[in-house]
Amino acid sequence: MTELTITEVGMRDGLQMESVFVPTNQKIQIGLGLIDAGLQRIEATSFVSPKAVPQLADATEVISELRGRGATLAALVPNPRGAERALEAGVDELVMFISASETHNRHNVNRSVAESLENIAPMAQAVADSKRSLRAAVSTAFGCPWQGNVSAEEVARVIEGFAAQGVGAVTLGDTTGMATPPIVRHLCAKLAEWFPEVELTLHFHNTRGIGLVNVIAGLEAGITRYESALGGLGGCPFAKGASGNICTEDLVYLAAEMGLETGLDLRRLINLAERMQEILGHELSGQVMKAGPRL
Ligand code: HMG
Ligand code: MG
C-alpha cells in the first residue's frame, strides 16, 4: 500500500492567522491530541518575531511541553535569531521559509530574496552542529498574490540556494491557493528533472477550492508527502487574500478512500477539529468534520 506522509501544520499555519491568542495549555492539549491521532510530524509553532506574529509568542513553551512524546516537532524559522531560539527550545526540524516571489518575501520577512538566501549558510551550519535537520519552505511557489505567475526558474533559484548548503528536504508552498493541476504537474516535473536528489513535500492552501484536486495532481507526479491543517485552518497574515490550508481530516478521508495509508485515526482527528472549533469560537472550513465519514 502506498504511504502518504502528512505533516500537520494547524498549530503553526493555522493559529498564526487567528485573531485570538490561544492559551498555551490549550495549544498543548491540541498537540497531544494530534499525537494521539497518530501524527508523527507536527509543525507546532514559529520562532519569528513575536511582534510580527503574537499568536505564536509562546513557541518555546509549546515545544518544551510537546518534546519527547513520539512526534517529530518542526517549527518555522526566518533568520539566524529564530534558528538559535528553535535549537535552544529543542525543535527537531527547523523550517526556513523564503518566497519565490520578491514581493511576498518583502511583505513576509522584510527582506529581498537575495538577502534571505544569504541567511541559509549560517543557519545550515548551526543546525548541522546541533544534529537537528533543516527543511526549506518555498512560499508562493505556485503563484504570488502581487506578482501573479511564478516561474519554475524562480522556484529553482531558492531551492538551489538551499541545495548548495546541503538542504534536500523542500516544501513547496501554495501560499494563496494559486496552484492548479497543470501548474503542479509542470513544476513537479521540472524540479524532479533539475533536482533529482531533492525530496519534495507539497503544502496547498484551499483558497480557490481546489486544494485536494492539486493533491491528486501531486500524487500523479509521484509525490507522497503533504502538509495540511486540522479543520482547514491556516493562512499567511502577510499575503493578501490568504486563507486556510487543505484540511487534514478531508485529506485523510480522501487517502483512505484511495487506498493510501496515512496511519491516522480519522475519528480522533474529527473530534480534535471540533475541539479546535470550540476553542476558536468560529466555524472551521473542514467538510468531513461536518458530514462525517461514509457509514
Ligand atoms: P525585521 O523587523 O526586518 O527584523 O523583521 P529585524 O532583524 O530588524 O528585527 C526586528 C526586531 O525583531 C528586533 O527586536 C529583533 O530582535 C526581533 P527589537 O530590537 O525591535 O526588540 N527579531 C526576532 N525576535 C524573535 N525571533 C526572531 C527574530 N528576528 C528578529 N526570529 C522578521 C524580520 C523576519 C523578524 C519579521 O518580518 C518576522 O518575524 N516575520 C514573520 C513572518 C511570518 O511568520 N510569516 C508567516 C509564516 S510564512 C507562511 O505562512 C507561508 C508557509 O505556510 C508556506 C506557504 O503557505 O506558502 C510557510
Ligand atoms: Mg502556508
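Coordinate-derived values only; no laboratory data. Quick caveat: nothing in here was measured; it's all calculated off a predicted structure. A quick note on method: Cβ atoms are made from the backbone with ideal geometry, for glycine too, and the neighbour counts reach across all protein chains shown.
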Which distance in Å, rounded to a whole number, links the C-alpha centroids of the range 277-295 and the range 114-148? 33 Å
What does the range 178-295 give for Rg and for Dmax, in Å, if only its C-alpha atoms count? 15.0, 46
In the chain, what percentage of the DSSP-assigned beta bridges are antiparallel, given to the nearest 5? 5 percent
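Quick one: compute a quarter of the convex hull surface over the Cα atoms of the chain and quote it in nm². Intermediate values should be presented prior to the final figure.
Numbers: hull surface 54.2 nm².
The number I arrive at for the chain is 13.5 nm².
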I'd like the distance between the alpha-carbon centres of the range 153-174 and the range 216-232, rounded to an integer number of Å. 18 Å
Distance between modelled label sites at Glu220 and Arg69, nm, 7 Å Cα→Cβ extension: 4.0 nm
Do any of Lys51/Lys131; Lys131/Lys240; Lys190/Lys290; Lys190/Lys240 go past 32 Å between their Cα atoms, and which? Lys131/Lys240; Lys190/Lys290
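How much length is gained on full extension from Arg268 to Asn149, taking 0.36 nm per residue of separation minus their Cα-Cα distance?
Values: separation 119, 0.36 × 119 = 42.84 nm, distance 3.86 nm.
Extending this stretch completely gives an extra 39.0 nm.
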Counting only Cα atoms, I'd like the Rg/Rh figure for the range 147-188, Kirkwood definition for Rh. 0.98
